[in-house]
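In what follows, a structure is listed as structure tokens, so that the remarks can point back to it.
The values are calculated or read from the model by the stated rules, or taken from the named source; none is laboratory data. Note that the structure is a prediction, hence the values are computed from the model and not measured. All Cβ positions, glycine included, derive from the backbone under ideal geometry; neighbour counts span all protein chains shown. Each accessible area value is taken on the protein alone, full model and side chains, heavy atoms only, with ligands, DNA and RNA left out. Shrake-Rupley method; radii C 1.70, N 1.55, O 1.52, S 1.80 Å.
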Amino acid sequence: AKMKTEVSRMNDKTSFSTSIKNSAFIKNPVLFESIGIAPVVAMAVSVKTAIMLSVISAAELIIIECFASIALKKVKHEYRVLIYALLGVLINLPFWLFFSKFAPNETANVSIFLPIIAVNSLIALHCERVAVRSTLKETFFDAVSATIGYVLIIFIVAILREVLGSGTFYSIKLNLPVQLKGLLLPFGGFLMLGFAAAFFKARIKSRY
């Protein structure tokens, strides 16, 4: 019995690490499927907004995926998608109120884009691909893995845009000789995602 338990734990660790590797690097949905890019392009312009976006996205991904696995497997596809959006709004609202109180400037700058997170296509994709077809444990592994992959891209894009576009890091001035203000606009987000996708693709080809 003890050996079976140990083997089960080892298998869980292996499947979890494989899931993270796939979601974060090899099959990152943001870079290679263009899923969930709207919030990144619109909001990931600084470390502070990256933290805000990451926290809300992580909460939505994990909670909604697990809920879909538990309660939505027998619900029709059209209704499931509506439920994902509704749950996204319900999860989004308290976080928006929290950040409005403790980070009012950053929240004001991106508040017009916050509703985008509630209908993030990444959530619907993972719920439909995994959650409604898998056990709760498998779904949780997938949600955490997708969160790690998504948050990784959010921070890469946000740090580059803040440093190169604003000349700051976490609002601390770096006194850089040149600032590329255009990177703070949506097309700057697309540029960063394009370069990140190229870099990851090259690394994946060389390694795998």
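With a 1.4 Å probe and every protein chain kept in, tell me what percent of the accessible surface of the chain is carbon plus sulfur.
Numbers: 8070 of 11640 Å².
The nonpolar share, carbon plus sulfur, comes to 69 percent.
Using the basic label-point model (7 angstrom from Cα toward the beta carbon), what is the SER34 to LEU97 distance in nanometres?
Output for this residue pair reads 3.8 nm.
With label points built 7 Å along Cα→Cβ from the Cα atoms of GLN179 and LEU136, find their separation and express it in nm.
It is 5.0 nm.
On average over all directions, what projected area in square nanometres does the chain have, based on the convex hull of its Cα atoms? Present the calculation step by step, with values, prior to reporting the outcome.
Values: hull surface 56.5 nm².
Quarter of the Cα hull surface area: 14.1 nm².
So what J values fall out for segment 51-66 if you push phi through Karplus, 6.51 cos²θ - 1.76 cosθ + 1.60 with θ = phi - 60°, rounded to Hz, Gly and Pro as x?
After applying 6.51 cos²θ - 1.76 cosθ + 1.60, I find 4, 4, 5, 5, 4, 5, 5, 4, 4, 5, 4, 5, 5, 5, 4, 5 Hz.
Could you do me a favour and compute the accessible area per residue for the chain, 1.4 Å probe, result in Å²? Intermediate values should be presented prior to the final figure.
Details: 11640 Å² over 208 residues.
On a per-residue basis, 56 Å².
Rolling a 1.4 angstrom probe over the protein chains, ignoring ligands and nucleic acids, what is the accessible area of LEU136 in square angstrom, nearest 10?
About 80 Å², rounded to the nearest 10.
Please give the length that would be gained between LYS74 and PHE190 if that part of the chain were fully extended, namely 0.36 nm times their separation in residues minus their C-alpha to C-alpha distance (nm, one decimal).
On the way: separation 116, 0.36 × 116 = 41.76 nm, distance 3.76 nm.
The LYS74-PHE190 span can extend by a further 38.0 nm.
Using only Cα atoms, what is the ratio of the radius of gyration of segment 105-208 to 2.2 N^0.38 Å? Numbers along the way, then the final one.
Details: Rg = 17.1 Å, N = 104, 2.2 N^0.38 = 12.8 Å.
Dividing the Cα Rg of segment 105-208 by 2.2 N^0.38 Å gives 1.33.
Given Cβ point charges of +1 (Lys, Arg) and -1 (Asp, Glu) and nothing else, what value in debye, to the nearest 20, does the dipole of the chain about its Cα centre take?
The calculation lands at about 560 debye.
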